[in-house]
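To start, the structure itself, in structure tokens.
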Amino acid sequence: MKRCEATTVHNVLTIDVEDWYHVCNHDGKPVVPQGPKQVRPNVERILTLLAEYDVKATFFMLGSVAEEEPALTGDIVNAGHEIASHGYSHTLVPLLGPDKFRDELRRTAEIIGHQTGCRPMGFRAPQWSVNGNTPWALDILHEEGYRYDSSCNPLPFVGDPRGARNPYSIATSGGAIIEVPPMVTPSLFGNLPTGGGWGFRFFPLGVIVRTARTLNQAGKPAVFYLHPREMDPSGPRLDLPALQAFAAYGTRTDAEGRLRHLLQTFRFCTMKQLVETWEVA
């Protein structure tokens, strides 16, 4: 059963498919500790919840996870969701450089294509790391056949706080690509990360709902993002410095209750559907 607001605007729920330990350390490289794999049961929780409300989402799949859990992409696609790319190793894009970035795009696309029969058309960088330090990244994405990117977050420290807060077209050396930023909430203190991550569980639910409603009333989509580990508040966590641990995990509150409220309240589509509509408009 699904209840939603009377609006023609569709929002987008995105899931970054990575495990609990896919957190970049201080030098921007992925941490890979010994420990249990939790990504499959957590993704299954998300799929069950989405099926309950008949909502389709976009799953940004980490190539290494797809390789280790080869049936997972099939489960996602068979449920009617979109698979996009999250890169392969969860290394920040500036550290990869152009050649390794291209290699990771191709490697992940080949894995996903082999598993699902469909290559991804969208990309999201680990920790929003496509930015002013990577002027070559969008050119490479377009050259590799990607139609949209969702890596530019209009927040301080990880992006451009003055950047656009709605989907927009970016010219690359080969043509245009659509950039789809996540939802943020403007405030006297700057943009707040209410669209996902620690901010989604930290700020009042009313603030999140009002922000999405305001966007929809202006004819704009709200783009949310979630990590599978946020469905498992009692699961394992890396032993990180306090500030980094908060940025990676936020509070240990389960995100399911808030996610359920959004699924009950708003309309949703996949990122692919949004971009196709945006390109036509």
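For the chain, just the Cα atoms, rotate onto the principal axes and tell me the three extents in Å, largest first.
Sorted largest first, the three principal extents are 46, 44, 41 Å.
To the nearest 0.05, what FRET efficiency results for Phe202 and Leu95 with a Förster distance of 22 Å applied to their C-beta separation? Could the numbers behind the result be given before it?
Details: r = 28 Å, r/R0 = 1.27.
Efficiency for this residue pair is about 0.20.
When you count, for each residue, the other Cβ atoms within 10 Å and take the mean per peptide, how do 130-139, 77-86, 169-178 rank with the highest first? Before the final figure, lay out the partial values.
Working: 130-139: 17.5, 77-86: 21.2, 169-178: 14.5.
Highest mean packing first, the order is 77-86, 130-139, 169-178.
Given H placed on each backbone N at 1.01 Å, which residues far from Gly196 in sequence or on other chains put an amide H within less than 5 Å of it?
Under 5 Å from the amide H of Gly196 lie the amide H atoms of Tyr225, each far enough along the sequence or on another chain.
For the chain, what does the helix formula give at 222 nm: sum of -39500 (n - 2.57) over DSSP H segments with n ≥ 4, over the residue count, nearest 500 deg cm²/dmol?
Value at 222 nm, helices only, nearest 500: -11500 deg cm²/dmol.
Sort the following peptides by mean Cβ neighbour count (other Cβ atoms within 10 Å, averaged over residues), highest first: 260-267, 89-96. Please list the in-between numbers first.
Details: 260-267: 17.2, 89-96: 20.8.
Per-residue mean Cβ counts within 10 Å order the peptides as 89-96, 260-267.
Whole angstrom only: what separates the Cα centroid of the range 103-154 from the Cα centroid of the range 52-75?
16
Loop-only check: which trypsin sites (Lys or Arg not before Pro) in the range 37-89 are DSSP coil with at most 14 other Cβ within 10 angstrom? The partial results should precede the final answer.
Values: sites: Lys37, Arg45, Lys56; in loops: Lys37, Lys56.
Answer by residue number: Lys37.
By a straight-distance test (C-alpha under 15 Å), which aspartates and glutamates pair with Lys220 as possible cross-link partners, with residues fewer than eight away in the same chain excluded?
Glu5, Glu179, Glu276, Glu279
What is the set of long-range amide H partners of Ile15 at a cut-off below 5 Å, with H atoms built 1.01 Å from backbone N?
Residues meeting the criterion, in which the H sits 1.01 Å from N, are Thr58, Phe59, Phe60, Leu226.
Are there trypsin sites (Lys or Arg not before Pro) in the range 149-228 that DSSP puts in a loop and that have at most 12 other Cβ atoms within 10 Å, and which ones? The partial results should precede the final answer.
On the way: sites: Arg162, Arg165, Arg201, Arg210, Arg213; in loops: Arg162, Arg165.
Passing both the DSSP loop test and the Cβ count: Arg162.
Every number here is computed from the coordinates shown, using simple stated rules; none is lab data. Note that the structure is predicted; figures quoted are calculated from it, not measured. Don't worry about glycine lacking a Cβ; one is built from the backbone with ideal geometry, like all the others, and counts go over all protein chains shown.
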